[in-house]
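Visitor: This structure is in structure tokens; I'll ask about it shortly.
The values are calculated or read from the model by the stated rules, or taken from the named source; none is laboratory data. All values reported here derive from a predicted model rather than from experimental measurement. Note: ideal-geometry Cβ built from the backbone for every residue, glycine included; neighbour counts use all protein chains shown. SASA here: full protein model, heavy atoms, side chains in, ligands and nucleic acids out. Shrake-Rupley method; radii C 1.70, N 1.55, O 1.52, S 1.80 Å.
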Amino acid sequence: MKKFKTFYNLFSLQRRFIAVIIIIIVLFFALLGRIFYLQLITGKNLQILASEQWLRDLPLSSKRGEILDCSGVSLATTITTYDVYVRARNVDEPNKLASAISELLGIKYETAYAKVTNTSLSEILIKMQVDEDTALKLTEYNGVYLSQNVARVYPYSSMLTQVLGYCTIDNIGQAGLESYYDKYLKGVDGKSLTQTNARGEEIENSLGYYIPSVAGANLYTTIDIQMQSVLESELMTAYEEHKALSVSGIILDAKTGGIKAMSCLPSFDLNNVPRDDISKLQEMTKNSTVVDVYEPGSTFKLITLAIALNEGLTDIDEKFYCSGHTTVDGERIKCWKTTGHGSLTLLDAFKNSCNCVFVNLALRIGIDKYYEYLDYFGIGEKTGVDIFSESSGIVMAKENVRTVDLARIGFGHAVAVTELQMASVYAKITTGYDVTPHLLESMEMDGKTIYTNKTTKSKIDLKESTISTINMMLANNVNSEGDYTFIAGYDVGGKTGTAQKYDENGAIASGKYISSFIGTYPANDPQYVLIICVNEPSNGVYYGGVVAKPVGQRIFERIFTLKAIEPNDASQLDNQPNILMPYLVGKSLAEACSELKKLGLNVMFDGEGEYVIAQLPLENTPLYLGDIVYLITN
């Protein structure tokens, strides 16, 4: 029995020993597994967490890419600035530092003092985008740290406001190209890191770490800053002269689709964005040339003309008769000239913009064929331009169109378009090719081109005879018989338009119009299409031929001079305007008409009063024999 107990005790001791060994082995492998887990699986995350404990980082903003015009002129660039931070635990003279911040940065002393004494945070941002001289003065105080940043600068201030857009204070694109191409422009931010102790205080003579930022891509646009300058200058003149609600315009390269100039007024200085009035800022930021739609009026007649010619439904010599109105489906449709144009050819009808003739042509074409061409020309569809919020226009659903609706569409009513759509359609019809309007030409990074816009150019199904006839008629449209030319020596084509506006309830807005002009150059094979829209001219006259056409004329003239474009017919250069518009305000209508007749000028007038209260053109404007003068009576 004694031997058995001894054996049992010995066996029990061995079991305990083995159990201890097994426990030790299990613990060892558990510890080994834990080490494996910590080192290999979560090691990187733990290192990051650890570095956050003993490293303090300040961001280094990347340099935002430049936006340049087609010749490399900078339209939007960046300058180096600094963000000012304070680490309160390192501040030894809070009163002096708060005073310096208040004086140099324009921050209230109380606010500055609260920040420089706030030890609950390891660091606190005082102000972003401080200039270098000011920032360096603040570094004379302990506890102040700088982080390199960038600020956006626009060398041309209020030029190209809606096209370029602007950025937030932390350099995020908010509108225009700045927003559309933000992911390419913004680059990648870097960091500057310093070692700190458990209290967040910088360790003296510790290692510093620097992760450099990566600059964004530079954008080369299709914009020509010289053309842009001319466009904006003349639009501003029209805006002020006609006391308009707004004015806008585009110069489009008809061969490539590149937008050479684009402007909407009023605008604002991109270096001083008016953020205190958000609704006003949003309205002035909107690019109305692609966002807003309008009833085009007579400029739309080119589409009806092109369809009728291409389908062989008319020719330039066909005779028509305009009595001043026509009736469709029992509804009376008036011509703009209520007394009628009488007998006239198609060529004359386009030149005189006779509504009745284009009602006739639209009805000949028919709804199905007309809508087939609308789809083909892209009416009712976005152009695909690289601008946010582009509108597609408004076109009635074909199944809802009545004959009388088609009649009105034929002369540019009952349909709504954007300016860019109209410029694009004119480019298609006058060149015979379809190109997509665009602003971006190429992207460059580190001196290397990383993207080039390869414009797709496709032939549209218009007969060459249709295209040549259209171009001839556009040239004839702006040039009078005899020696007179729109711009002496230059082959320019064009069409004017005058369209009524509508109230929110759909009723015609009394006295509110959009005056427009679309010009082409050279008329026989256009390189450029120019569109001008004057929204609600309020000085008494609203006809496109008087309000918008002269703006287009001045723009073309200045561009020809600026670009040293040679005239195609030098013999016309001596044919300069030889009549100066007299001052007629205050004279009786009879006296004014008599004076104009003696000068060889034609007259049209609004109102039923006895005396002239306004005139267009203005006094001393050069005129040709046979030009039309508009008088407004009381």
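Visitor: Say we look at the stretch 592-610 and pick out the residues that are in contact with a helix residue (DSSP H, G or I) (Cβ under 7 Å, 6 or more places away or on another chain) and not acidic (Asp, Glu); which of these is least open to solvent (accessible area, probe 1.4 Å)? First the steps, then the outcome.
Guide: Residues of the stretch 592-610 that are in contact with a helix residue (DSSP H, G or I) (Cβ under 7 Å, 6 or more places away or on another chain), as a first pass: 603, 605, 610.
Remaining after also requiring not acidic (Asp, Glu): 603, 605.
On the way: Val603: 50, Phe605: 105 Å².
Looking at residues that are in contact with a helix residue (DSSP H, G or I) (Cβ under 7 Å, 6 or more places away or on another chain) and not acidic (Asp, Glu), I get Val603.
Visitor: State which residue pairs qualify: first residue aromatic (Phe, Trp, Tyr) and inside the stretch 146-173, second residue assigned to a loop (DSSP other than H, G, I, E, B) in any location, beta carbons under 7 Å apart, and separation of 6 or more residues or different chains.
Guide: Cβ pairs passing all conditions: Tyr154/Leu270; Tyr154/Asn271; Tyr166/Gln174; Tyr166/Ala175; Tyr166/Leu270; Tyr166/Val273.
Visitor: Separate question: Considering only residues that are touching a residue at least 60 places away in the same chain (Cβ under 8 Å) and β-branched (Val, Ile, Thr), look in the stretch 551-564 and name the one that is surrounded by the most Cβ atoms within 10 Å (Cβ to Cβ). Show your work before the answer.
Guide: Within the stretch 551-564, the first condition is being touching a residue at least 60 places away in the same chain (Cβ under 8 Å), and the residues that meet it are 551, 553-560, 562-563.
If we keep only those that are β-branched (Val, Ile, Thr) too, we end up with 551, 555, 559.
Numbers: Val551: 27, Ile555: 23, Ile559: 21.
Out of the qualifying residues, it is Val551.
Visitor: Are any residues in the stretch 240-270 touching a residue at least 60 places away in the same chain (Cβ under 8 Å) and farther than 25 Å from Glu441 by Cβ, and if so, which ones?
Guide: Glu241, His242, Lys243, Ala244, Leu245, Ser246, Val247, Phe268, Asp269
Visitor: Let me ask you something else. Given the options Glu610, Glu619, name the one that is of a type in the set (Asp, Glu) and modelled with pLDDT of 85 or more. Break it down into steps so the answer makes sense when it comes.
Guide: Values: Glu619 fails: modelled with pLDDT of 85 or more.
The conditions single out Glu610.
Visitor: Which pairs have Cβ atoms under 7 Å, sit 6 or more apart or on different chains, and link a residue in the stretch 318-341 that is in contact (Cβ under 8 Å) with a residue 24 or more places away in the chain and more than 13 Å from Asn352 (Cα to Cα) to one that is of a type in the set (Lys, Arg) and in a loop (DSSP other than H, G, I, E, B)?
Guide: Pairs found: Asp329/Arg402.
Visitor: Does the stretch 107-137 hold any residues that are in contact with a Gly (Cβ under 9 Å, 6 or more places away or on another chain) and among the β-branched types (Val, Ile, Thr), and which are they? First the steps, then the outcome.
Guide: Here is the first cut: in the stretch 107-137, the ones in contact with a Gly (Cβ under 9 Å, 6 or more places away or on another chain) are 116, 119, 121-123, 127.
Result: Val116, Thr119.
Visitor: Would you be able to tell me the number of residues in the stretch 522-550 that are at pLDDT 95 or above, buried (at least 24 other Cβ atoms within 10 Å of the Cβ) and touching an Asp or Glu at 6+ places or on another chain (Cβ under 7 Å)?
Guide: Looking only at that region, the number is 2.
For every residue, the table says whether it meets (1) under 30 Å from Met236 (Cβ atoms); (2) buried (at least 16 other Cβ atoms within 10 Å of the Cβ); (3) at pLDDT below 95.
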residue: Thr168; (1), (2), (3): yes, no, yes
residue: Ile172; (1), (2), (3): no, no, yes
residue: Leu177; (1), (2), (3): yes, yes, no
residue: Val188; (1), (2), (3): no, no, yes
residue: Asn205; (1), (2), (3): no, no, yes
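Visitor: Could you run through the stretch 388-413 and say how many residues are touching a residue at least 60 places away in the same chain (Cβ under 8 Å), more than 23 Å from Thr466 (Cα to Cα) and either open to solvent by less than 20 Å² (accessible area, probe 1.4 Å) or not charged (D, E, K, R) (or both)?
Guide: 9
Visitor: Now for a different question. Exactly one of (1) over 24 Å from Phe486 (Cβ atoms); (2) in contact with a His (Cβ under 6 Å, 6 or more places away or on another chain) is unmet by Pro537. Its number?
Guide: The one condition Pro537 does not meet is (1).
Visitor: Moving to a separate point now. Out of the stretch 368-387, which residues are surrounded by fewer than 18 Cβ atoms within 10 Å (Cβ to Cβ), out of contact with any Asp or Glu (no Cβ under 6 Å at 6 or more places or on another chain) and without any contact (Cβ under 8 Å) to a residue 60 or more places away in the chain?
Guide: Asp368, Glu372, Asp375, Glu381, Gly384
Visitor: So which of Tyr181, Tyr156, Tyr113 ends up being out of contact with any Phe, Trp or Tyr (no Cβ under 7 Å at 6 or more places or on another chain) and buried (at least 21 other Cβ atoms within 10 Å of the Cβ)? Before the answer, list the steps.
Guide: Values: Tyr156 fails: buried (at least 21 other Cβ atoms within 10 Å of the Cβ); Tyr113 fails: buried (at least 21 other Cβ atoms within 10 Å of the Cβ).
Every option except Tyr181 fails the conditions.
Visitor: Separate question: Is it the case that the stretch 169-176 has a residue that's outside any loop (DSSP other than H, G, I, E, B) and touching an Asp or Glu at 6+ places or on another chain (Cβ under 7 Å)?
Guide: Going through the stretch 169-176, the residues outside any loop (DSSP other than H, G, I, E, B) turn out to be 173, 176.
From what is left, the residues that are touching an Asp or Glu at 6+ places or on another chain (Cβ under 7 Å) are 173.
Looking through the stretch 169-176, at least one residue is outside any loop (DSSP other than H, G, I, E, B) and touching an Asp or Glu at 6+ places or on another chain (Cβ under 7 Å).
Visitor: If you don't mind, there's one more thing I want to ask. Scanning for something surrounded by 12 or more Cβ atoms within 10 Å (Cβ to Cβ), modelled with pLDDT under 70 and more than 30 Å from Thr221 (Cα to Cα), does the stretch 10-19 turn up at least one residue? Please lay out each step first, then the result.
Guide: Step one: of the stretch 10-19, the residues surrounded by 12 or more Cβ atoms within 10 Å (Cβ to Cβ) are none.
No: zero hits.
Visitor: Given the condition among the small types (Gly, Ala, Ser), under 22 Å from the mean Cα position of the chain (by Cα) and closer than 20 Å to Gly297 by Cα, answer yes or no: does some residue in the stretch 543-562 qualify? Steps first, answer last, please.
Guide: Restricting attention to the stretch 543-562, the residues satisfying the condition of being among the small types (Gly, Ala, Ser) are 544-545, 548, 552.
With under 22 Å from the mean Cα position of the chain (by Cα) added as a condition, the list becomes 548, 552.
Restricting the remaining residues to those that are closer than 20 Å to Gly297 by Cα gives 548, 552.
Scanning the stretch 543-562, I find at least one residue that is among the small types (Gly, Ala, Ser), under 22 Å from the mean Cα position of the chain (by Cα) and closer than 20 Å to Gly297 by Cα, so the answer is yes.
Visitor: Give just the number: which of (1) out of contact with any strand residue (DSSP E or B) (no Cβ under 8 Å at 6 or more places or on another chain); (2) modelled with pLDDT under 95; (3) on the phi > 0 side of the Ramachandran plot does Gly340 not satisfy?
Guide: (1)
Let's see how each residue does on (1) outside any loop (DSSP other than H, G, I, E, B); (2) at pLDDT 90 or above:
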| residue | (1), (2) |
| --- | --- |
| Arg89 | yes, no |
| Leu97 | yes, yes |
| Leu104 | yes, yes |
| Thr111 | yes, yes |
| Ala114 | yes, yes |
| Ile126 | yes, yes |
| Gln129 | yes, no |
| Leu146 | yes, no |
| Tyr156 | no, yes |
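Visitor: Could you identify the single residue in Leu589, Leu580, Leu616 that is over 23 Å from Lys512 (Cα atoms) and surrounded by 15 or more Cβ atoms within 10 Å (Cβ to Cβ)?
Guide: Numbers: Leu580 fails: surrounded by 15 or more Cβ atoms within 10 Å (Cβ to Cβ); Leu616 fails: over 23 Å from Lys512 (Cα atoms).
Every option except Leu589 fails the conditions.
Visitor: Would the stretch 478-490 turn up any residue that is modelled with pLDDT under 90 and under 16 Å from Lys301 (Cβ atoms)?
Guide: Looking through the stretch 478-490, at least one residue is modelled with pLDDT under 90 and under 16 Å from Lys301 (Cβ atoms).
Visitor: Looking only at the stretch 261-290, how many residues end up being out of contact with any Cys (no Cβ under 9 Å at 6 or more places or on another chain), of a type in the set (Ser, Thr, Tyr) and open to solvent by less than 50 Å² (accessible area, probe 1.4 Å)?
Guide: 3
Visitor: Would you tally the residues in the stretch 291-327 being open to solvent by less than 10 Å² (accessible area, probe 1.4 Å) and β-branched (Val, Ile, Thr)?
Guide: Residues of the stretch 291-327 open to solvent by less than 10 Å² (accessible area, probe 1.4 Å): 296-297, 299-308, 322, 324.
If we keep only those that are β-branched (Val, Ile, Thr) as well, we get 299, 303-304, 307.
Looking only at that region, the number is 4.
Visitor: Just give me the residues in the stretch 431-471 being surrounded by 18 or more Cβ atoms within 10 Å (Cβ to Cβ), assigned to a helix (DSSP H, G or I) and of a type outside the set (Val, Ile, Thr), in sequence order.
Guide: Once the filter is applied, which keeps residues that are surrounded by 18 or more Cβ atoms within 10 Å (Cβ to Cβ), assigned to a helix (DSSP H, G or I) and of a type outside the set (Val, Ile, Thr), the stretch 431-471 yields only Asn471.
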